[in-house]
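Some notes on the structure that comes next.
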Amino acid sequence: MAAFCVRCVGNSKLTNYMQLKQVRILHNEVLAQSPTALSPLYPPILPSLTAKSKAAKQRRRDEYYKKVYAAPSVQEKIRLLTCLQRLKYVVNTQTSAINADRWYQHFTKTAYLSGLPEHFTNSGMDQVAETGDIVTSKALSDPDFEELKSLFCTALLQENFYMRKRTPFLYRTIEHYFSPFLNNAVSALTTLLAAQNPLLKESSLDFKPQVNFYWMRGERVVPRGHRKGSVDPIRFQIDDHPHSQIRVPKQLPEFVPLDYKVPAEVPVIKLEPDRLPLFKRQYDNHIFIGTKVTDPCVYGHTQFHLISDRMHRGRLTKANLEDQIEVRLRANAISSLFAWTGAQAMYQGFWSHEDVTRPFVSQCVITDGKYYSFFCYQLNTLALCVETDCNNPRKNICWGTESMPLYDTVEENDVKGFNDDTLKLLVQFLLYRPKAL
Amino acid sequence: MAELVVLRSLWNNLGTGKSICKRCLQTKTCDLIAVRQFYVTSSLFGKRRPPAIEEDIEIPGLERITFADRMYRVPGLAEPTFPEWNRGWRDPFQDPGPKYEEMPLFKEKACYVFNQKTKLLEGVKQALWLTKSKLIEGLPKQILCLAEDPDSRIENEDDRVQRAISHARFWDTTEVRPRKEKYCPVLLSNLLHLCRMLSLRYPSLSKRILAENYKVAAYWTRESSLFQVRGINGLLLNSTSPLAPLATQEEVQATESHILETFYPVSPTIDLQEVHVYEEKNDTGFRQGYPYPHAHTLYILNPLETCARFEPYQLQAKMIMFAFGNLLARARLLYGEQPRVLETPLVMQTIATNGRMFQFVVFQLNTTDLSSSDGIKNLVWLDRDQELYAYAKCLPEIKKKIVVVPAGLSGYRPETFRKFLAMYLHGAVQPSIKTEASAS
């Protein structure tokens, strides 16, 4: 280590050299004899906080991160991460953009696997098996299943036939006929299956909740203006309004380990998000799972989404967009579930620089009343911003099915062609719970 | 404030030709034609005295001399009357629509309709007169027994109910506190979710279904006036089996001697919507063959915070009227259109809340013979103004440096939830024998 006298240190070039080389000023012989055994006499030389230099900017960022690391509570941590409002891309869960699912996979670093995880495919309704740390038992006895089926049929007929209704408003047909049906169906499922799944007894059922998530992914160079040339992170916000959701006090077990090698790749899209199209707005950054942090039920179980009339398959078929039906369902699932699991992880104190130590798992069912698609999501990483993503091998995983019909038609007071498999899968979804229960 | 002064002065000076100078707020007689006030129509505020409408006096035998042939107004001549011009086809932009008298359903006799926005002046008294009912304060003893029964309670009931209230009142929003329009329905759905969990213990509770946005229609005659109950009322819990009558036959017979309270000089039709175009319809809102034909409980919400909110007495009247309407429609379906005393009285419950205060009503329909005020009356049990909790404050209320009301939920009363649960379980669960023995 070189030593310099105090007079020479006044030279600014020397000061910079010293910062780079981490030299120390010695000013008497005692220290010169044994430099390593003593603690520094002077505080560390740090870059300025207020200067217009890259070092100062880095110092400001580090101070900010130190404040976030040291935040006394989760609410304070989330407040520090979301207090500053800037222009951000608003990601709509129900979007009319073409091939939006690939873009959303890129924004959320999600790999999509078609089909459901092993837990749902291996264990049938009639098997009793113990696989790893997930217990699958005889899901539902036949009389209970028949009762559930008849409840579903009655709820469907109540809305479509028995109740006298006026014609629905424009683009509100699905909401008019199927929103109350789904209310009754979800209540019936939660109640009847609470015997097998004690987690549902402690659950909280929300109708028309609000789910928000705010994150940063990628960087861009500001093209024009007084900040031209500076590098900015790209910010995203999801504001989702599912039809209903079930929140539980205990976390659901993982489908695959945290460092699982996913067979699918996350698509990388080189174009900027404006090309999707995504639009920027500036307003409050919210991170919300449907309830505040003080609620005991902070983990998510299942969400139910009712698609809007604009995404109805009849309309898409007429517009020659048949392939987009499944694409839009996937995009909806990926964005909604990423927002929900991400917000759940942030409620536990994780953020992009403190990555999750355990995976966060949630499920969702997207329906238009007749066709049901089932999706499972495992959040393995929140580290999506440029600094933390460079050496991050983890990916989030989304499993999903194609849409399957629950019934063929409703004629007068009869439901024709009821599909038991769809109902069985719905039951399996709701019976998913930790091993201890 | 200044605007109010302007408005009052303008109203006082209506038709006198005077106006108010907005800047100095003094009444002045000025040339109004030059003054254009764009914020309100001139006819609305009487800036110009409306011209006196002179009636055309027809004297038979005398020919009216008009200025029709001259085609311009002459001071001494009468105004001509021309025959009404018919376009020959219906122009939708120029169509005033059919008059009430020309509509096919027009009737000379007025009908007084009660809908979901009606707020009766005399409240419960008026509702009792209209439905020919006798009021009993407090809930019937069957429901009170069920409320005190320790077996029909949820596990950790107090903790879970307080959690449900906190979720609705504090945790359900990204803002500091949710508004009443938000927390009122959320609280009701949370409490219903808790009640539904008991269907694991009592399987007959799953023979029920909720119906929202259904429309009821029922009509009846009371002392030569025709009344109707129409429209969307609230969330209805339907069940496969009817509720058993709560009052004994002797009590029902004893109502014959009860005299209905009138409130002269106020007419019983006050605040009801008077219509001349109506159809005498009896409709439960559901078609025949519906697997859950019996109405169990009606949940009415009072979520508005503004002047449109219901006062407690108006809300209680609404509960009684809609319970009566639902039961009357079902009674007419079961027993026919003829007014008669029912052999098996029909029973229905109503619960109304504004997010904190609960009102409970149980209605027993004993008779559909409502024309005269004598005879057997229907029965209404009313438990009014039951608080579920006293305060749910985000910030503590401090007066003179002393905490008067702490932050969070305070003043929780478990009895109200027990009554709510008892009314939910009523019909499917019998109270256990030891509670009945201790009560008797």
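Readers should treat all values here as calculations from the given coordinates under stated rules, not as data from a laboratory. Here the structure is a predicted model, which is why all the values come from computation and not from measurement. Positions of Cβ are generated from backbone atoms using ideal geometry, with glycine treated the same way; all protein chains shown enter the neighbour counts.
Key figures
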read-out	value
Assigned charges on the beta-carbon of Lys, Arg, Asp, Glu; the stretch B:204-283 dipole about Cα centre (debye)	460
Calculated SAXS-style log₁₀ I(q)/I(0) at q = 0.18, 0.20 Å⁻¹ - the stretch B:36-174, Debye, Cα scatterers	-1.27, -1.28
Restricting the stretch B:237-323 to GluC sites (Glu not before Pro) in coil, as DSSP defines it, with at most 16 other Cβ within 10 Å	B:Glu261, B:Glu279, B:Glu280, B:Glu305
Cα centroid of the stretch B:316-388 to Cα centroid of the stretch A:43-75, whole Å	69
Part-to-part distance (alpha-carbon centres) for the stretch A:247-322 and the stretch B:287-314, which is given in Å	36
GNM result for chain A, Cα springs below 10 Å: residue of A:Tyr65, A:Tyr214, A:Tyr104 fluctuating most strongly	A:Tyr65
Amide H within-cut-off set for B:His294, under 5 Å, with H built and near neighbours excluded	B:Ser239
Those trypsin sites (Lys or Arg not before Pro) in the stretch B:339-409 that DSSP places in a loop and that have at most 11 other beta carbons within 10 Å	B:Lys400, B:Lys401
Beta bridges by DSSP in the protein assembly as shown, antiparallel share as percent, to the nearest 5	75
Chain A - mean residue ellipticity at 222 nm from DSSP helices (-39,500 (n - 2.57) per run, n ≥ 4, rounded to 500)	-10000 deg cm²/dmol
Anisotropy class of the stretch A:295-400 from Cα gyration tensor, a/c 1.5 cut	prolate
Beta bridges per DSSP with both ends in chain B, % antiparallel, nearest 5	75
Calculated from backbone phi, Karplus (6.51, -1.76, 1.60) coupling profile of the stretch B:276-286 in Hz, x at Gly/Pro	10, 10, 8, 10, 7, 10, 10, 9, 6, x, 10
Selected from B:Asp283, B:Asp69, B:Asp369 as most flexible by GNM, with chain B as the system and alpha-carbon contacts under 10 Å	B:Asp69
Sequence-distant residues sharing a close amide H with B:Asn366 (under 5 Å, placed H)	B:Asn378, B:Leu379
Dipole of the protein assembly as shown, positive end: most advanced residue of B:Ala295, A:Leu337, A:Leu406 [Cβ charges, Cα centre]	A:Leu337
Flagged links, alpha-carbon separation over 29 Å, of A:Lys54/A:Lys77; A:Lys228/A:Lys270; B:Lys117/B:Lys399; A:Lys67/B:Lys401; A:Lys66/A:Lys109; A:Lys165/B:Lys119	B:Lys117/B:Lys399; A:Lys67/B:Lys401
Whole-Hz couplings from phi, Karplus 6.51/-1.76/1.60, listed for the stretch A:377-390; x for Gly and Pro	9, 10, 8, 9, 8, 10, 7, 10, 7, 4, 4, 9, 8, 4
Degrees, to the nearest 10: A:324-347 long Cα axis against longest axis of chain A	50
Sorted by Cβ neighbour density within 10 Å, fewest at the top, the residues A:Met216, B:Met423	A:Met216, B:Met423
Three-way shape label, the stretch A:202-289, alpha-carbon gyration tensor, a/c 1.5	oblate
Choice from A:Leu379, A:Leu182, A:Leu271 with maximal GNM fluctuation in chain A (Cα, 10 Å cutoff)	A:Leu271
Residues B:Ile320, A:Ile269, B:Ile53, A:Ile234 arranged by fewest to most Cβ contacts within 10 Å	B:Ile53, A:Ile269, A:Ile234, B:Ile320
Neighbour-limited loop hits for GluC sites (Glu not before Pro), the stretch A:329-424 (at most 13 other Cβ within 10 Å; DSSP other than H, G, I, E, B)	A:Glu402, A:Glu412
Dipole magnitude (debye, nearest 20) for chain B, charges at Cβ of Lys, Arg, Asp, Glu	1880
For chain B, calculated [θ]222 nm from helices alone, where every DSSP H run of n ≥ 4 adds -39500 (n - 2.57)	-7000 deg cm²/dmol
For the stretch B:112-122, 3J(HN,Hα) per residue [Karplus equation, 6.51 cos²θ - 1.76 cosθ + 1.60, θ = phi - 60°, Hz, x = Gly/Pro]	9, 9, 9, 10, 6, 9, 6, 10, 6, 5, 8
Pairwise FRET efficiency - B:Glu387 versus B:Glu175, Cβ, R0 = 30 Å, nearest 0.05	0.75
Distance in nm between pseudo-label sites at A:Lys228 and B:Asn115 (7 Å out along the Cβ direction from Cα)	6.2
Top positive-direction residue, dipole computed over the protein assembly as shown with Cβ charges, set B:Cys195, A:Pro233, B:Pro185	A:Pro233
